[in-house]
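The values are calculated or read from the model by the stated rules, or taken from the named source; none is laboratory data. What you see is a predicted model; the values in this text were computed from it and never measured. Note that each Cβ is placed from the backbone with ideal geometry, even for glycine, and that neighbours are counted across all protein chains shown. Accessible surface is based on the protein model in full, side chains and every heavy atom, while ligands, DNA and RNA are left aside. Shrake-Rupley method; radii C 1.70, N 1.55, O 1.52, S 1.80 Å.
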Amino acid sequence: MKRFSMVVAGTFGIAALLVSMAIAATRQSGNQNAPAAGKAAELAAAVQIEPAALAKLLQESKGEKPVVLHVGFKNFYAQAHIPASDYAGPGSTPEGLELLRRRVSSLQHKQLIVLYCGCCPWDKCPNAKPAYDALHAMGFSNVKVMHIAENFGANWVNAGLPVAKGE
């Protein structure tokens, strides 16, 4: 398990670098429609939930469970994700946001929804804030975003929290 954790953490680190480079290249090419990177840090502390707190909430047997949605890149979700979470598309792309909108369209607007990405450090994440903003624009009022300081491998997998693999 430790070796798996190291591989996942390393993979997330490399991918974070590649994502940052791709976003920088897109901006330099003059594509003004590309979502801005580094916006997760703008989310208020009140809408953030730490990994351990989310894991505890998911383990509680009482009450309604939150809907947990991965709003990062599909390859990361396939490698490792929170059990019972659904892939909802990357929040940094119009296609990803449309997939997210379709996924939540049947939910009550007061339903607790927890979004997470984990592709890269929190202050560089291009996916969390656009996904959060999209849900608020739809009228959802109980949305949290899991604060992932470094990446999913380092802050969830290496912390020994439950992991599922595959699609």
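Remark: pairs (first residue in segment 68-85, more than 23 Å from Gln111 (Cα to Cα); second residue open to solvent by less than 30 Å² (accessible area, probe 1.4 Å) and part of a loop (DSSP other than H, G, I, E, B); Cβ separation under 7 Å; 6+ apart in sequence or on different chains) = Phe73/Pro90; Phe73/Cys119; Phe76/Gly118; Phe76/Cys119; Ala78/Gly166. The conditions of being on the phi < 0 side of the Ramachandran plot and either in a loop (DSSP other than H, G, I, E, B) or β-branched (Val, Ile, Thr) (or both) are met by Pro126.
Looking across Trp122, Trp156, one residue alone is touching a residue at least 60 places away in the same chain (Cβ under 8 Å) and either open to solvent by 10 Å² or more (accessible area, probe 1.4 Å) or hydroxyl-bearing (Ser, Thr, Tyr) (or both). It is Trp122.
The set of residues in segment 106-119 being touching a residue at least 12 places away in the same chain (Cβ under 8 Å) and more than 10 Å from the chain's Cα centre (by Cα) consists of Leu107, His109, Lys110, Gln111, Leu112, Ile113. For Leu69, the criteria (1) modelled with pLDDT of 95 or more; (2) touching a Lys or Arg at 6+ places or on another chain (Cβ under 7 Å); (3) assigned to a loop (DSSP other than H, G, I, E, B) hold in every case but one, which is (3). The residue list Ala22, Ala45, Ala52 contains one member that is more than 16 Å from Asn151 (Cα to Cα), modelled with pLDDT of 90 or more, small (Gly, Ala, Ser) and open to solvent by 40 Å² or more (accessible area, probe 1.4 Å), which is Ala45.
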